[in-house]
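Bear in mind that the values in this text are calculations on the coordinates, not laboratory data. Note that the structure is predicted; figures quoted are calculated from it, not measured. Using ideal geometry, Cβ is built from the backbone for each residue, glycine included, and neighbour counts are taken over all protein chains shown.
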Amino acid sequence: RIDHSGYADLSQTLLVTDADVLHEARLVRPCTVDVTLLDVLGQPKNGGRVEHKMKGAGMDFERAMEGPRRTDSMGRVFYSDLKAGTHQFRPVEADSGSGMVMVMMGMDEDQAEEPWTEVTVTPGESRSVTIRENPKSVIRGRVFLDGEPLAQCKVTFQADGKRSFFPGGGGPGDLTDGDGSFELIGLSPGAGRLTFSHAEL
């Protein structure tokens with residue numbers, strides 16, 4: 001592994017032989033992408049979460065474990081350690097579990113919550129890109145049992161076409177209050193299935 005200030009780290013696999021062999025390593029300057037995240041009203045989003053991956057590079061487990069990066073007070077997040085090529089960015093919800101679930105289940109890219117925004121960079125190049133959250137939906141309701149409000153009932157929503165890693169369904173959820181009311185926020189528009197479950201039923 002070779003590292004030098006101002007250049008991207010370089011890792012190479014070398015074959016050791018009994019002959020004198022000259023190995024040449026060419027370092028390149030890393031690329032920088034400045035991402036600005038706007039909310040649904042078009043305002044910079046403080047503390048938003050931005051997910052990143054390199055197009056066609058396969059799964060980067062190190063970045064997956066790092067998770068999405070948070071934006072600053074100006075709605076910006078900087079990626080200053082990128083390789084040359086095409087990179088993809090998208091906003092993600094505060095519920096961080098979905099990313100790893102999609103990886104484990106092998107979910108197709110067209111089933112993702114948000115579309116990716118692409119930007120292509122050359123060695124040492126700096127680019128700026130603006131991404132925007134899509135409008136979200138809300139489901140509110142009440143749950144009753146034999147005509148009486150049912151408290152502590154778990155309500156979950158699973159969008160059509162999604163596969164859940166967890167038995168019995170997964171996705172955004174809420175527990176009903178004493179009057180049986182629940183609220184699911186931050187949903188992507190579209191059809192889906194509501195699941196109701198209770199520890200005593």
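Straight Cα distances below 28 angstrom link LYS154 to the lysines LYS136, LYS162, with same-chain residues fewer than 8 positions distant left out.
Between ARG140 and LYS83, what FRET efficiency follows from the Cβ-Cβ distance if R0 is 30 Å, with the result rounded to 0.05? The partial results should precede the final answer.
Values: r = 45 Å, r/R0 = 1.50.
It comes out at approximately 0.10.
Modelled this way, with points 7 Å down the Cα-to-C-beta line, the labels at TRP116 and GLN152 are 4.4 nm from one another.
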